[in-house]
Amino acid sequence: MGRKTPLYNKHLESKAKMVDFGGWDMPLHYGSQIQEHHQVRRDAGMFDVSHMTIIDLTGQRVREFLRYLLANDVERLKKIGKALYSCMLNEKGGVIDDLIVYLQNDNQFRMVVNAATRDKDIAWITQQAKPFQIQINERDDLTMLAVQGPVAREKVRDLLPENLQTSVKALAPFYATWNNGEFFVARTGYTGEEGFEIILPASKVSDFWEALLVAGVAPIGLGARDTLRLEAGMNLYGEDMDENNTPLESGLSWTVAFKPENRDFIGRRVLQAQRDKKEHQIMVGLILRDKGVLRAHQIVSIENGGKGQITSGTFSPTLGVSIAFARLPAGKYKDVTVTIRNKQLSAQVVKPPFVRHGKACIAS
């Protein structure tokens with residue numbers, strides 16, 4: 001038996017198929033993964049992401065610390081509530097985790113990291129923070145929901161405390177707003193759709209979940225969450241990135257802030273050498289031209305005899321074809337061959353995302 005979120009019984013009431021995910025008992029689906037996928041693309045769905053780890057970092061040198069800890073630069077966060085996506089790297093440039101950090105005030109940032117990497121993340125952050133005299137507060141009292149879809153914001157707004165409804169209505173993408181430390185609402189997500197990620201007290205989450213159900217927001221499991229994020233061109237930690245690969249090898253070069261040149265961050269020298277040599281592996285998107293399903297670890301062959309590997313693959317319910325991320329040797333490609341059940345099948349190389357706001361982003 002794994003750890004249980006505060007919504008575990010709600011999932012059972014909705015007849016969810018439960019699976020282990022990073023040591024947590026989580027819903028895979030509530031009957032039909034395909035229907036749940038389309039529900040988010042066409043209307044609104046909600047995800048229990050209570051397993052995610054919420055950390056508040058406080059101290060007079062907290063901004064300085066985060067500029068050293070993260071590959072992206074929190075100096076870009078000028079306005080209260082602004083969010084930043086970044087990787088946290090080891091000394092070799094490998095990705096310890098990917099995360100979102102929010103500016104709450106000059107001396108405090110809120111960080112949300114992945115569930116499966118919680119222990120190593122906290123250990124690494126604690127170790128690196130010692131010279132900076134930072135207070136690290138894991139918020140076990142809080143939990144998190146994501147509500148995503150073209151009408152998600154509309155369905156959520158009236159259910160929030162009155163003193164948040166106006167600020168949420170005006171909330172820009174990748175910003176958060178909050179009230180008295182209770183409801184923390186961010187216009188972020190992992191699906192390529194509009195919506196919110198909502199942090200709230202664990203004691204209130206069951207009632208809020210019920211209110212969302214009444215408002216017509218359907219529960220969505222991990223299965224649809226995976227197909228949605230892959231369509232949206234979003235990496236999954238442990239599949240598309242890990243401690244053995246740098247952001248440049250994982251399609252995340254846009255998250256590395258090399259300027260200003262004098263900012264020292266963990267892993268910088270390795271990444272800078274990779275960038276300058278331009279010989280590192282690259283991440284691409286694939287669309288299968290033939291019948292079949294692209295899956296992680298399938299071998300990808302390129303024209304010159306080189307080999308790569310799929311990191312994430314699935315059938316795309318929105319596009320009606322199989323899609324994937326693949327890590328390949330440095331180069332430019334239009335077509336590749338994927339080995340599926342001893343057959344060589346043709347795939348088109350594309351630049352993700354595949355789908356955004358319910359519409360195809362690529363031409364097959």
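The values are calculated or read from the model by the stated rules, or taken from the named source; none is laboratory data. Owing to the predicted nature of the structure, the values given are computational and were not obtained by experimental measurement. Positions of Cβ are generated from backbone atoms using ideal geometry, with glycine treated the same way; all protein chains shown enter the neighbour counts.
Looking only at segment 155-193, filter to residues that are free of Cβ contacts under 8 Å to residues at least 12 places away in the same chain and not in a loop (DSSP other than H, G, I, E, B); which one of those is farthest from residue 236 (Cα to Cα)? Filtering first and then ranking leaves 162.
This table checks each residue for (1) of a type in the set (Val, Ile, Thr); (2) in contact with a Leu (Cβ under 6 Å, 6 or more places away or on another chain); (3) farther than 17 Å from residue 89 by Cα.
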| site | (1), (2), (3) |
| --- | --- |
| 273 | no, no, no |
| 291 | no, no, yes |
| 298 | no, no, yes |
| 314 | yes, yes, yes |
| 336 | yes, no, yes |
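Once segment 111-152 is narrowed to residues that are without any contact (Cβ under 8 Å) to a residue 40 or more places away in the chain and within 19 Å of the chain's Cα centre (by Cα), the residue that is surrounded by the fewest Cβ atoms within 10 Å (Cβ to Cβ) is 119. Annotation note: of 174, 208, 196, 184, the sole residue that is at pLDDT 95 or above, among the aromatic types (Phe, Trp, Tyr) and surrounded by fewer than 19 Cβ atoms within 10 Å (Cβ to Cβ) is 174. Taking the criterion of being in contact (Cβ under 8 Å) with a residue 24 or more places away in the chain, in a strand (DSSP E or B) and polar (S, T, N, Q), would at least one residue in segment 13-25 satisfy it? The answer is no; no qualifying residue exists. Going through (1) out of contact with any Leu (no Cβ under 7 Å at 6 or more places or on another chain); (2) surrounded by 15 or more Cβ atoms within 10 Å (Cβ to Cβ); (3) not charged (D, E, K, R) one by one, residue 308 falls short only on (1). Test residue 239 against the stated conditions and say whether it is touching a residue at least 60 places away in the same chain (Cβ under 8 Å) and assigned to a loop (DSSP other than H, G, I, E, B). So residue 239 fits the description; yes. Residue 56 meets all of the listed conditions (1) more than 19 Å from residue 186 (Cβ to Cβ); (2) touching a Lys or Arg at 6+ places or on another chain (Cβ under 7 Å); (3) surrounded by 15 or more Cβ atoms within 10 Å (Cβ to Cβ) but one, namely (1). Residues that are under 19 Å from residue 329 (Cα atoms), without any contact (Cβ under 8 Å) to a residue 24 or more places away in the chain and surrounded by fewer than 14 Cβ atoms within 10 Å (Cβ to Cβ) within segment 255-292 comprise 273, 276, 277, listed in sequence order.
Taking residue 299, is it at pLDDT 95 or above, of a type in the set (A, V, I, L, M) and over 30 Å from residue 148 (Cα atoms)? Here the answer is yes, as residue 299 does meet what is asked. For segment 211-228, the candidate set comprises residues that are more than 19 Å from residue 24 (Cα to Cα) and in contact with a strand residue (DSSP E or B) (Cβ under 9 Å, 6 or more places away or on another chain); within that set, the residue that is surrounded by the fewest Cβ atoms within 10 Å (Cβ to Cβ) is 213.
Beta carbons closer than 9 Å, at least 6 apart along the sequence or on distinct chains, pair a first residue in segment 345-364 that is outside the structural domain of residue 227 (by TED's automatic domain parsing) and without any contact (Cβ under 8 Å) to a residue 60 or more places away in the chain with a second that is surrounded by fewer than 18 Cβ atoms within 10 Å (Cβ to Cβ) and among the hydroxyl-bearing types (Ser, Thr, Tyr) for 345/337; 345/339; 346/337.
In this structure, is residue 57 more than 18 Å from residue 143 (Cα to Cα) and either in the same structural domain as residue 358 (by TED's automatic domain parsing) or of a type in the set (A, V, I, L, M) (or both)? No. Residue count for segment 78-98 satisfying the condition of being surrounded by fewer than 19 Cβ atoms within 10 Å (Cβ to Cβ) and within 20 Å of the chain's Cα centre (by Cα): 3.
For segment 29-52, the condition of being in contact with a Phe, Trp or Tyr (Cβ under 6 Å, 6 or more places away or on another chain) and in a strand (DSSP E or B) holds for none of the residues.
Can you spot a residue in segment 240-253 that is among the acidic types (Asp, Glu) and surrounded by fewer than 19 Cβ atoms within 10 Å (Cβ to Cβ)?
Scanning segment 240-253 turns up at least one residue that is among the acidic types (Asp, Glu) and surrounded by fewer than 19 Cβ atoms within 10 Å (Cβ to Cβ).
The set of residues in segment 203-235 that are of a type in the set (S, T, N, Q) and in contact with a helix residue (DSSP H, G or I) (Cβ under 7 Å, 6 or more places away or on another chain) comprises 206, 227. Elements of the type strands (runs of 3 or more DSSP E) sitting completely within segment 261-336 and holding at least 1 residues that are under 24 Å from residue 33 (Cα atoms) and among the hydrophobic types (A, V, I, L, M, F, W, C): these cover 282-288, 307-316, 321-328.
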